[in-house]
Amino acid sequence: HACETASFTETRMGRVGVGCGATVGKIRGVQHSMMGGVGMASWQSGSIVVGALVVVNALGDIIGPQSGKIIAGAKNDDGTFLNTSAYLQAHVLSPFKSWGNTTLAVVATNARFNRDGVTKIAEMAQDGLAYVTRPSHTLFDGDMVFAMSTGDERAEVMAIGAIAAALVAQAIVQAVKVSNAFV
């Protein structure tokens, strides 16, 4: 069904498709978490295009890049944000449970790169997760970024990698904003 209804114009984000059951901030369990979801971001300059699609299902909190404050994540009993990183620092000997976390992203560009170039773009784009998810890449997160090159445009791999990292971060923030209905 997904293949039959695929579209070049899909713009839905938030709690759609695989993002329906996604959550963030699960250090105290899903009952104290917030919604994750699907997010997208893109960039274009001249004929060069870079896009990112993410599914955000993270143990950690999502941080607003401008404010540096938690915008979605684990909650205390009173509804305030817990701050997962601070919680981990205060509980260095506590055992933790797995809550089924994985944030996945794919970045694509119409610039032409060989296998090594695409691998470097994926590695750099992975930084976008850490820009806005704290902590990221925990023992209980299967965080992964994939990259693809689908055209013949000319561009520098480091520039596209840096743009891709920023787009992954932007898409993660978009996912939680839409899923939790705030802007």
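Report, ordered by chain and residue number, the aspartates and glutamates lying within cross-link reach of residue 97, taken as a straight Cα distance under 12 Å and ignoring same-chain residues fewer than 8 apart.
Hits, sequence-local ones excluded: 141.
Within 10 Å of each candidate Cβ there may be at most 15 other Cβ atoms; applying that plus a DSSP loop requirement, which chymotrypsin sites (Phe, Trp or Tyr not before Pro) in the stretch 21-102 survive? Before the final figure, lay out the partial values.
On the way: sites: 43, 81, 87, 96, 99; in loops: 96, 99.
Sparse-neighbourhood loop chymotrypsin sites (Phe, Trp or Tyr not before Pro): 96.
Which longest uninterrupted range of the chain lacks any GluC sites (Glu not before Pro) assigned by DSSP to a loop state (not H, G, I, E or B) and surrounded by at most 12 other Cβ atoms within 10 Å? Could the numbers behind the result be given before it?
On the way: sites that count: 4, 156.
The reported range is 5-155.
Once amide H atoms are placed 1.01 Å from N in the peptide plane, what residues at a sequence separation of 5 or more from residue 49, or on another chain, have their amide H within under 5 Å of its amide H?
Here 110, 111 satisfy the definition.
Tell me which aspartates and glutamates have Cα within less than 14 Å of residue 177's Cα, excluding those fewer than 8 residues away on the same chain?
Counting by Cα, and skipping residues close in sequence, residue 177 has these aspartates and glutamates nearby: 61.
Could you work out the local net charge near residue 87, counting Lys and Arg as +1, Asp and Glu as -1, over the other residues with Cβ closer than 13 Å to its Cβ? Mind dumping the intermediate values first?
Details: positive: 26, 28, 75, 134; negative: 61.
Around residue 87, the charge tally is +3.
Among 130, 86, 105, which one shows the highest mean-square fluctuation when the chain is modelled as a Gaussian network with alpha-carbon springs under 10 Å?
Among 130, 86, 105, the largest GNM mean-square fluctuation belongs to 86.
Carbon and sulfur atoms: what percent of the 1.4 Å accessible area of the stretch 113-156 do they account for?
On the way: 1400 of 2710 Å².
After summing per-atom areas, the C and S share lands at 52 percent.
Put +1 on the Cβ of every Lys and Arg and -1 on every Asp and Glu Cβ in the stretch 114-183; which of 145, 125, 181 then has its Cα farthest towards the positive end of the dipole?
Projecting each Cα onto the dipole axis, the largest value belongs to 181.
With springs only between Cα atoms under 10 Å apart, run a GNM on the chain and tell me which of 157, 92, 55 wobbles the most.
Judging by the Gaussian network model, the answer is 92.
Could you give the angle, 0 to 90 degrees to the nearest 10, between helix 157-179's Cα long axis and the longest principal axis of the Cα atoms of the chain?
For 157-179 against the chain, the angle is about 50 degrees.
Let's see if you can work this out: charge +1 on each Lys and Arg Cβ, -1 on each Asp and Glu Cβ, no other charges. What is the dipole magnitude of the chain about its Cα centre, in debye to the nearest 20?
So the magnitude is around 320 debye.
If you take every DSSP beta bridge fully contained in the chain, what fraction is antiparallel? Give it as a percent rounded to 5. Intermediate values should be presented prior to the final figure.
Working: 23 of 32 bridges.
Percent antiparallel among DSSP bridges in the chain is about 70.
The values are calculated or read from the model by the stated rules, or taken from the named source; none is laboratory data. What you see is a predicted model, and the numbers here were worked out from it, not measured in a lab. Backbone-built Cβ (ideal geometry, glycine too); neighbour counts: all protein chains shown. Protein only, heavy atoms only, side chains kept; ligands, DNA and RNA dropped before computing areas. Shrake-Rupley method; radii C 1.70, N 1.55, O 1.52, S 1.80 Å.
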